[in-house]
Amino acid sequence: MMVPPADSSAFSPLVVLELLPDTKQEAITWLLGRIREPQETGGAGLLVEQLGPGLGAVEKENPNLFLVGASRERLLSGAEDVGLFKEYRDGSMRGFTCSNKQHFKDFQGDGDGFLSMAECQHIIKHELDTLRAKDETHVPGYSHAKLYPGKSIIRRLLSKGILIQMFPLHQPEELKRLSFSWYKKVKLSLQPLDDIRRYYGEGQALYFGFLEYFTFALVPMALFGVPYYLFDWEDYDKYVVFAGFNVIWCTIILELWKRCSASLAYRWGTLSRKKAFEEPRPGFHGVLGFNPVTGREEPLYPNAKRQLRIYLVSLPFVLLCLYLSLYVMMIYFQMEAWVLSIHDQEPSFWTAVLLFIPSIIYAVVIEAMNLVYRYAAEFLTEWENHRLESSYQNHLVLKVLVFNFFNCFASLFYIAFVMQDMLLLRQSLATLLITSQILNQIMEAFLPYWLQRRRNKKLIRKVQKRRTLGDKELPLAEQVRLEADMSTYLGTFDDYLELFLLFGYVSLFSCVYPLAAVLVVLNNITEVYSDAFKMCQVFKRPFADPASNIGVWQLAFETMSVIAVVTNCGLIGMSPQVRAFFPDSDSQLILWTVAIEHGLLAFKFILTFLIPDVPKHIQIKLARLEFESLEALKKKKMLEGSELKKDFL
């Protein structure tokens, strides 16, 4: 990368703003003026230019596309504003300051190449998001778009639909290199996580790091499961050893992942980075008042009213959806019983095939219900009017996880602990897992690839008409308009949700179907390539997310691991091998099973306590940095005190 030169005349576009085609000129002039206005007077101090028309421009093209960039000095001061951590000359990660910039490892000359493009684009977004109204009462030309001192201008424009979108630009050459090392060649090596982080940011890199880690963590279970399945596939009740292995495996891998993610976050400078103060979401609304923390005027919404919406509307809706899911599950069991009766009456090859049809239909219905519920959950969470994006995400994740868990696993729990039919459990798990993976591959791999081929053909025809004979590179105007039409990346929510469900299939019931881990490994390998392809070819480039971990999903996976301990202990207690020790007393069997389950849970939590989340060498580096900061603060206070004393004397 590629920080733009200090000379503002050498403009390097980083971010694109697209306004409505019929946006009033007075609003455009005002917005561009505020973006260009120096920081000292309340502006963003950025560079902005209007995108010129493409070759062979047509009337349908939106003229209101604007390119935003910044001088090198402005980006460096922005890096200090956002609290960016960079590697110091002694190898430690420290918060960047312009006054101390020469002491950072990769800072040479005037800082060209010091910041990655993802960091520069994150800085631009931060400066645009924090561009605030001064004495304006509304957006010029739009009396309904109210403003007040301290209100984020960009968020108001987004909420009122005046600003259509804001996205960072791709770097074609850098993207080609990343694509080649990431997914365009078949290899057995690890993913280029550092390159992914430099191009897309820490949030994306941590997702792909977790996907890679989860895949490798499944390999021991897959290697253990293949011979277990091959030699015991007819005697499906011999699963005690595999269930015990599940209990230990799901605990250890999550604890080791926390250490792995801490190491990655420290190397990338986000482990100690302080989170920026969260601004209200663009869709948040309320009565105008004063924020007691910031002292700024902003909308306020009573928390009691939000809680009423959650508990009187959202919660009953979620419970109703769970009831509908239960109703669909009972229809599935009726279909299973009907098909089984047909097979028992006249067994044949076709009736044997028919036995799998109810599970396949049920798996398709589950995916459809999950998709419909997702839209309903997003609507409800938006309606609850959460002030912060983090609160919105937490409530959305909770709603979606509860329904998806119940919808995907309720039938398996019913078969295992109510019907106690291990053969049907194995068949249902295999069918649900395979069908869901096939549907996911169609939606995530083949469909995006097909859409991309159609887009490429359309682009080639379009560009061939517009290019001059000697042109080899896509002109900037064409690149920007092409990216503006690309799909918007909606984040890692659905990707983590898919991994969460796969982790559930493996950790909860794979002891009765040991090939589950093998199927998930194969799915994850294709997932890496399909997700990488979508990131590079299908979606707009997302803004970097300076994450230090996988967030609320860590808690979700850990909760699943606790449920896995209880489930596997229950399956062990139901196995014929264990029941043989208690032939005359079911109560003793239950008591022993519960006691072992409590013991394993206690062991799990002790293990969580004994294994530190952050490796020791990183703890030492962080403690040393904190000590040096305190010592520097003491010296500063002593110098200020001595200077005051001299002035007094």
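Every read-out reported here was derived from the displayed coordinates using simple, explicitly stated rules and does not represent laboratory data. These numbers come from a predicted model, not from an experiment. Don't worry about glycine lacking a Cβ; one is built from the backbone with ideal geometry, like all the others, and counts go over all protein chains shown.
The table that follows gives values for the structure above.
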quantity: Cut-off under 5 Å, modelled amide H: who pairs with LEU131 long-range; calculated: ILE153, ILE154
quantity: Furthest towards positive pole of dipole, LEU502, VAL318, ILE28, structure part the chain, Cβ charges; calculated: ILE28
quantity: Distant-in-sequence amide H partners of GLN165 (H built 1.01 Å from N, under 5 Å); calculated: GLU18
quantity: Nearest-20 debye value, the chain charge dipole, Cβ charges on Lys, Arg, Asp, Glu; calculated: 1680
quantity: Total charge dipole magnitude, region 333-394, about the Cα centre, Cβ charges on Lys, Arg, Asp, Glu only, Debye to nearest 20; calculated: 80
quantity: Options ALA265, LEU147, MET560, ranked by Cα towards positive dipole end of the chain, top entry (Cβ charges); calculated: LEU147
quantity: Projected label distance in nm at ASP110 and GLU346, using a 7 Å step from Cα toward the beta-carbon; calculated: 8.7
quantity: Total charge dipole magnitude, region 15-169, about the Cα centre, Cβ charges on Lys, Arg, Asp, Glu only, Debye to nearest 20; calculated: 440
quantity: Fraction of antiparallel bridges per DSSP, the chain only, in percent to nearest 5; calculated: 95
quantity: Relative contact order [Cα under 8 Å, 6+ residues apart], the chain, whole percent; calculated: 19
quantity: Ranked list, fewest to most other Cβ atoms within 10 Å of each Cβ, for MET335, MET638, MET117; calculated: MET638, MET335, MET117
quantity: Listed candidates [x] 38.0; [y] 33.1; [z] 63.1 - label of the one calculated as mean projected area of the Cα convex hull in nm²; calculated: [x]
quantity: Modelled FRET efficiency - R0 25 Å, SER99 with ARG36, Cβ distances, 0.05 increments; calculated: 0.45
quantity: When each of LYS176/LYS534; LYS101/LYS125; LYS101/LYS258; LYS160/LYS399; LYS258/LYS616 is checked by Cα-Cα distance, pairs over 20 Å; calculated: LYS101/LYS125; LYS101/LYS258; LYS160/LYS399
quantity: Solution diffusion estimate, µm²/s, Stokes-Einstein, region 15-169, Kirkwood Rh from C-alpha pairs, 25 °C, viscosity 0.890 mPa s; calculated: 144
quantity: Centroid-to-centroid separation of region 99-134 and region 549-607 [C-alpha atoms, Å]; calculated: 51
quantity: Nearest-0.05 FRET efficiency for LEU319 and VAL241, computed from C-beta distance (R0 45 Å); calculated: 0.70
quantity: Positive dipole terminus of the chain, leading residue within HIS617, ASN407, LEU254 (C-beta point charges); calculated: HIS617
quantity: Helix-only [θ]222 nm of the chain, DSSP H runs n ≥ 4, -39500 (n - 2.57) each, per residue, nearest 500; calculated: -20000 deg cm²/dmol
